[in-house]
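Engineer: Take this structure first; my questions come after.
Read-outs: derived from the displayed coordinates by stated rules, not from any lab. Note that the coordinates shown come from a computational prediction; the quantities given were computed from them, not determined experimentally. Every residue, glycine among them, receives a Cβ derived from its backbone with ideal geometry; neighbour counts consider all protein chains shown.
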Amino acid sequence: MIYMSWSKDYSVDVKELDEQHKKLFGIINTLHQAMLDEKGREIQSTVIAEMVEYANIHFKTEEQYMLQFNFVWYHEHKSEHERYTKKVLELKERLENAGFVLTLEILNFLKDWWEGHILKIDKNYSKLFNEHGLY
Ligand SMILES: [Fe+2]
């Protein structure tokens, strides 16, 4: 069974952003599969680094649109992104030490964060973005 599967429920009604969310789900699935295969230790720091980098690109994309369209919750939304980035950077540092291994608890944190963020936070910009012709 796929650990994180994207469905229409997660759509923010903007194709570019949905595609980015799908890719982030995919990266977390890669980590999950590696953990199941007991290969977590070999790939964890590379994949976490990839996730930090890609999440950063994704957050910048959302933030640019929010600024461009004067989204009222821009600062609150950006703070959520910053809080996540800080946590994942700490995680990345810990995973770079050989003694530390990825756990299901960590994966669950990532999964819950993305699901919650998309459903409760991201979806608030959909209407505004659509009104500006962004689909
Ligand atoms: Fe967001």
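Engineer: Let me check I have the definition right: for the chain, take the eigenvalues of the Cα gyration tensor, multiply each by 5, take square roots. What are those semi-axes in whole Å, largest first?
Structural biologist: Ellipsoid semi-axes (Å, largest first): 29, 16, 11.
Engineer: Working from Cα positions, state the angle (0 to 90°, nearest 10) between the long axis of helix 74-95 and the longest principal axis of the chain.
Structural biologist: For helix 74-95, the angle is close to 10 degrees.
Engineer: Still on this structure, I have one more. Run down the lysines and flag those whose C-alpha is under 28 Å from the C-alpha of K39, throwing out any fewer than 8 positions away in its chain.
Structural biologist: Straight-line reach from K39, under 28 Å: K22, K23, K86, K87, K92, K111.
Engineer: Measuring from label point to label point, each 7 Å out along Cα→Cβ, what is the N97 to F109 span in nm?
Structural biologist: 1.4 nm
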